[in-house]
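Asker: So that we are looking at the same thing, I have put the structure below in C-alpha cells.
The values are calculated or read from the model by the stated rules, or taken from the named source; none is laboratory data. As the structure is a prediction and not an experimental result, all values here were calculated from the model. Here Cβ is always computed from backbone atoms with ideal geometry, including for glycine, and neighbour counts include all displayed protein chains. These accessible areas exclude ligands, DNA and RNA; they are computed on the full protein's heavy atoms, side chains included. Shrake-Rupley method; radii C 1.70, N 1.55, O 1.52, S 1.80 Å.
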Amino acid sequence: MEIVLPRNWRLAVRSLPWGWTALSLVLVSLLAIPVITIPIGALAPAGESWAHVSETLLPRYLGNTLFLIAASGLIALALGAGTAWLVAMCEFPGRRLFRWALVLPLAVPAYMAAYVYAGMVSVTGPIQRTIRAVVPGAGDTLFYWNVMQIEVVAVIFGLVLFPYVYLPARALLESRAGPTLEAARVLGRSHASVFWSVGLPLARPALAGGVALVLMEVVNDYGAVKYFGVPTFTTGIFRAWFSLGDLDSAVRLSAILMLVVLAMLIVERWQRGQARYAAPGSPGRAAPYPLRGAKGLAAMLFCLLPIAFGFLVPVLQLLLWAFRTAPDVVDGRFVRMAANSLGLAGLAGLIAVAVALVLSYTSRLDRTDITRAASRVALLGYSVPGAVIAVGVLTVSIFLDGLLGGGVRLVLTGTAVALVAAYVVRFLAVAYLPVEAGLERIGTNLTEASRMLGARPLRTLLRIEVPLLKGTLVAAGTLVVIDVLKELPLTLILRPFNFDTLATRAFQLASDEQLAESAPAALLVIFCATIVVAFLHRTLDGKPELGR
C-alpha cells in the first residue's frame with residue numbers, strides 16, 4: 001500500500017513544536033528539582049540530631065507557626081474585607097484617596113516594619129522617651145511594655161499584608177456584585193445586613209484567595225520572627241543549617257513546612273467548593289451607600305488606621321533615622337550593596353521573564369495536557385517558602401559540587417549562580433502569569449497567519465509576539481525585581497561569602513540594634529517597592545494595561 005504524503009508535509013513537520021515542547025520540559029524539570037529534592041531527602045534515614053529536634057523543638061515551631069497563621073490571617077481578613085466593602089460600596093470623606101492608598105502597606109516588608117515598631121516602643125525609643133518627658137515624675141519603668149511578643153508580630157503581619165485581601169475583594173465587589181447587592185437593598189435589607197448576609201458570601205472566593213497569599217507570606221517570613229525571638233519553622237531551618245551545620249534537620253523541617261503550606265492550599269481550595277464570584281453576565285457596580293456624620297467619620301478612621309500603622313508610621317520613622325545617619329552610612333559600601341541588589345534582581349528578572357515567555361509560548365503552540373501540566377508545575381515555587389527553596393537549591397548544589405569538584409572545591413554552593421537560580425524558582429509565577437495573560441489578550445490570529453506563511457515559531461515569537469508584549473514583559477520583569485529586592489530568607493541562606501544586599505544589610509544592622517543605621521537601605525527598598533505597588537494598582541484598574 002502506497003502512502004501519499006501531502007505536498008506541504010515538510011513544512012508541516014518543520015512547524016511542529018517538538019523542539020519547544022522539549023525545551024519547556026527541560027526547563028520545568030530544572031525548576032522542579034529544588035522543590036522535589038526536599039520530600040525525597042526527608043525520606044532518607046534520619047540523623048542523630050533529628051531525634052532531638054523533633055522531640056524538643058518541633059512542637060514549638062509548629063505551635064508558633066500555626067498561631068501566627070491563624071492570628072495574622074484573621075487580622076488581614078478583617079482589615080481587608082472591611083476596607084474593601086467601605087471603599088467599593090460606600091461614599092464617605094476621603095474614599096477616592098483611600099481607594100489607592102490602602103495598597104501602600106504592601107511596599108513595606110514585614111521584617112522592616114517589625115524592627116521599626118520594636119525600636120519605637122522600646123524603653124529607649126521615642127514613644128517612651130516622650131512619655132517620660134511629658135509625664136512629670138515618670139520613672140524609667142513607667143509605662144514599660146515588652147513589645148517582643150508573638151502577638152505583636154501577628155498584628156504587624158496583618159497590618160502590612162492585608163492588601164492581599166483588600167485588592168481582590170474590592171475588585172470583585174466593584175465589578176461583579178452590583179446587581180445582587182442592589183436587589184438585596186430593594187428587598188429592604190439594612191446596610192449591615194447586606195454586608196454580612198450577601199456581601200461576604202459573594203466575596204468569599206476572593207477573600208479566601210487573598211488570605212491564602214497572606215498565610216504564605218507569613219510562613220515565608222524570617223526577619224520579623226527572628227528579630228522578635230519567636231521560634232518558627234523558618235528560624236528552625238536557619239538554626240539547623242547555620243548554627244549546627246545540620247542539613248538533614250533543615251531538609252526535614254523544610255518538608256514539614258511544605259506539608260503545612262500544602263494543607264493551607266487544600267483547605268483554601270476546599271472551602272471554595274463550586275463558589276463563583278457572581279453569576280455570568282451580571283457585571284456592574286452598586287450605587288455607593290452614603291455615610292454621613294459619625295458613620296462617615298468612623299469609616300474614614302477605619303481606612304486611615306491600617307494605612308497609618310502599615311505604611312506611614314514605619315516610613316516616617318525610617319526617614320527620621322535616615323536623616324540622622326545617612327551621611328555616615330551612605331558610602332562606597334552602600335553603593336556596592338545597592339549594585340549587588342539591583343544586579344541580582346535585574347538578572348533574575350531577565351531570566352524569569354525569558355523562561356516565562358518560553359513556557360507560555362510553548363503552551364500556546366502545543367495545547368496538550370503535558371505542556372499545560374508542565375507550566376503549572378513550574379509555578380509551584382511561589383507557593384513554597386523561600387527558606388525551603390533555598391535548602392532545596394543548597395542540597396542540589398552540594399551534590400553537583402561533589403560531582404564537579406571532587407567534593408572539596410565549591411563550584412555552585414555559595415555563589416551568585418545558585419542564588420539567581422533560587423530566585424527564578426521562587427518568583428517565576430510572578431513573571432509567568434502576566435506573560436500568559438498578555439498572550440491571551442493578543443490572540444492567535446497573527447501567530448497562525450505567520451506560521452501559514454512559513455515562518456518558524458522562533459521567528460514568529462521574536463518578530464510578532466515580543467514587540468506586542470513589550471509592555472507586559474517590562475512589567476513582569478519589574479515585579480520580579482521588586483520581589484527579589486525584598487526577599488530575605490532565601491538570600492541569607494544562599495548568598496556568597498561577604499556579599500550583602502540592601503535587604504540583608506538592613507536586617508543585620510537591625511539585629512545588631514543599629515536601627516537608625518539600617519534606615520537608608522530599608523528606605524531604598526521601600527521606595528522601589530512603592531513605585532511598583534502604585535503601578536500594580538493602576539494596572540489592576542485597567543489603566544494602563546500591561547500589554548500596552
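Asker: So if we plug the beta-carbon distance of Ile131 and Phe535 into 1/(1 + (r/R0)^6) with R0 = 41 Å, what FRET efficiency do we get, rounded to 0.05? It would help to have the intermediate numbers written out before the result.
Answerer: Details: r = 40 Å, r/R0 = 0.99.
Once rounded, the FRET efficiency stands at 0.50.
Asker: In what sequence, highest mean first, do 65-72, 336-343 appear when ranked by Cβ atoms within 10 angstrom?
Answerer: Details: 65-72: 19.5, 336-343: 17.1.
Going from most to least packed, we get 65-72, 336-343.
Asker: Roll a 1.4 Å probe over the protein chains and send me the accessible area per residue for region 19-161 in Å². All intermediate terms of the calculation are to be shown ahead of the outcome.
Answerer: Working: 6480 Å² over 143 residues.
Per-residue value: 45 Å².
Asker: Separate question: Quick one: net charge around Leu357, please, counting Lys, Arg +1 and Asp, Glu -1 for every other residue with C-beta under 10 Å from its C-beta.
Answerer: Working: positive: none; negative: Glu436, Glu465.
Its environment carries a net charge of -2.
Asker: Around Ala422, with a cut-off of 12 angstrom between Cβ atoms, what is the net charge of the other residues, counting Lys and Arg +1 and Asp and Glu -1?
Answerer: For residues surrounding Ala422, the net value is +1.
Asker: What is the distance in Å between the Cα centroid of region 336-363 and that of region 489-529?
Answerer: 21
Asker: Provide the FRET efficiency to the nearest 0.05 for the Leu462-Leu305 pair, computing r from the beta carbons and using R0 = 45 Å.
Answerer: Working: r = 50 Å, r/R0 = 1.12.
It comes out at approximately 0.35.
Asker: Run the accessible area of region 329-369 with a 1.4 Å probe and give the carbon-and-sulfur part as a rounded percent. Spell out each step's value before the answer.
Answerer: Numbers: 1150 of 1720 Å².
Summing carbon and sulfur atoms, their accessible area is 67 percent of the total for region 329-369.
Asker: While we're looking at this one, here's another question. At R0 = 56 Å, how high is the FRET efficiency between Arg336 and Arg292 if r is their beta carbon distance? Nearest 0.05 is fine.
Answerer: On the way: r = 56 Å, r/R0 = 1.00.
The value I calculate is 0.50.
Asker: In whole Hz, what ³J(HN,Hα) sequence does region 313-330 give by Karplus (6.51, -1.76, 1.60; θ = phi - 60°), x for Gly and Pro?
Answerer: Running phi through 6.51 cos²θ - 1.76 cosθ + 1.60 with θ = phi - 60° gives 4, x, 5, 5, 5, 5, 4, 4, 5, 5, 4, 7, 10, 4, x, 8, 9, 7 Hz.
Asker: Could you list which residues have their amide H under 5 Å from that of Tyr289, counting only those 5 or more apart in sequence or on another chain, with H placed in the peptide plane?
Answerer: Under 5 Å from the amide H of Tyr289 lie the amide H atoms of Cys90, Glu91, each far enough along the sequence or on another chain.
Asker: Go through 88-95, 320-327 and give me the packing order, highest mean Cβ count within 10 Å leading. Walk me through the numbers on the way to the answer.
Answerer: Details: 88-95: 18.5, 320-327: 15.5.
Taking the mean over residues of other Cβ atoms within 10 Å, the ranking is 88-95, 320-327.
Asker: Continuing with the same structure: Quick one: 3J(HN,Hα) in Hz for region 380-394, Karplus 6.51/-1.76/1.60 with θ = phi - 60°, rounded, Gly and Pro as x.
Answerer: Values per residue, Gly and Pro as x: 5, x, 5, 8, 10, x, x, 5, 5, 4, 4, 5, x, 5, 4 Hz.
Asker: In sequence order, what are the phi-derived ³J(HN,Hα) couplings for region 488-504 according to the Karplus relation 6.51 cos²θ - 1.76 cosθ + 1.60 with θ = phi - 60°, rounded to whole Hz, with x for glycine and proline?
Answerer: Result, rounded to whole Hz: 10, x, 4, 5, 5, 6, 9, 4, x, 5, 6, 10, 10, 10, 4, 5, 5.
Asker: Can you compute the modelled spin-label distance between Met452 and Asn498, with each label point 7 Å from Cα toward Cβ, in nm?
Answerer: 6.3
Asker: How much accessible surface area, in Å² rounded to 10, belongs to the heavy atoms of Val147 with a 1.4 Å probe?
Answerer: Estimated to the nearest 10 Å², Val147 gives 10 Å².
Asker: Okay, next question. Which peptide among 518-524, 507-513 comes first, and what is the full order, when sorted by highest mean count of other Cβ atoms within 10 Å? Write out the running numbers ahead of the final one.
Answerer: On the way: 518-524: 25.4, 507-513: 18.1.
Ranked from most to least packed, the peptides come out as 518-524, 507-513.
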